[in-house]
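**Student:** Okay, handing you the structure first.
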Amino acid sequence: MDFPQESVEDARKRLRRVEGQIRGIIRMLDEKSDCRDVITQLSAAQKALEQAGFKLLASGLTYCLAEPEKAAETGYGVEEVEKLFMRLR
């Protein structure tokens with residue numbers, strides 16, 4: 001399934017932010033930061049990853065609903081998108 005360019009750019013921006021968060025977490029571990037602070041940052045990174053996934057999935061679902069036959073032909077019928085959604089939960 002081809003994602004709209006806007007969705008791809010949004011996901012890239014979110015993933016780059018997560019990449020920076022992960023580098024920060026690694027640095028925190030190297031510097032022996034407080035456990036609570038590390039866990040807080042891990043939680044924030046995890047939520048950011050989820051948001052990137054949900055944004056892409058929402059874009060895919062919109063495509064499936066707008067073009068159901070075309071989506072099904074490419075292997076992305078509503079049922080498949082639902083399965084993908086359940087993986088992100």
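The values are calculated or read from the model by the stated rules, or taken from the named source; none is laboratory data. Predicted, not measured: the structure shown is a model, and the values here were computed from it. As a convention, Cβ positions derive from the backbone with ideal geometry for all residues, glycine included, and neighbour counts pool all protein chains shown. Only protein heavy atoms, including side chains, enter the accessible area calculation; ligands, DNA and RNA are left aside. Shrake-Rupley method; radii C 1.70, N 1.55, O 1.52, S 1.80 Å.
**Student:** Please list, ordered by first then second residue, the pairs with beta carbon atoms under 9 Å, 6 or more apart or interchain, first in the range 73-89 and assigned to a helix (DSSP H, G or I), second open to solvent by 90 Å² or more (accessible area, probe 1.4 Å).
**Tutor:** If the second residue must be open to solvent by 90 Å² or more (accessible area, probe 1.4 Å), the pairs left are V78/L65.
**Student:** Moving to a separate point now. On the basis of being part of a loop (DSSP other than H, G, I, E, B) and surrounded by 12 or more Cβ atoms within 10 Å (Cβ to Cβ), does S7 make the cut?
**Tutor:** no
**Student:** Looking only at the range 25-38, count every residue that is assigned to a helix (DSSP H, G or I), surrounded by 14 or more Cβ atoms within 10 Å (Cβ to Cβ) and either among the polar types (S, T, N, Q) or within 23 Å of the chain's Cα centre (by Cα) (or both) and tell me the total.
**Tutor:** Selection size over the range 25-38: 2.
**Student:** For the range 39-89, enumerate the residues that are open to solvent by less than 70 Å² (accessible area, probe 1.4 Å), under 27 Å from G20 (Cα atoms) and of a type in the set (A, V, I, L, M, F, W, C).
**Tutor:** Correct list: A44, A45, A48, A52, F54, L56, L57, A58, L84, L88.
**Student:** Answer yes or no as to whether A58 is touching a Leu at 6+ places or on another chain (Cβ under 7 Å) and not in a loop (DSSP other than H, G, I, E, B).
**Tutor:** No, not satisfied.
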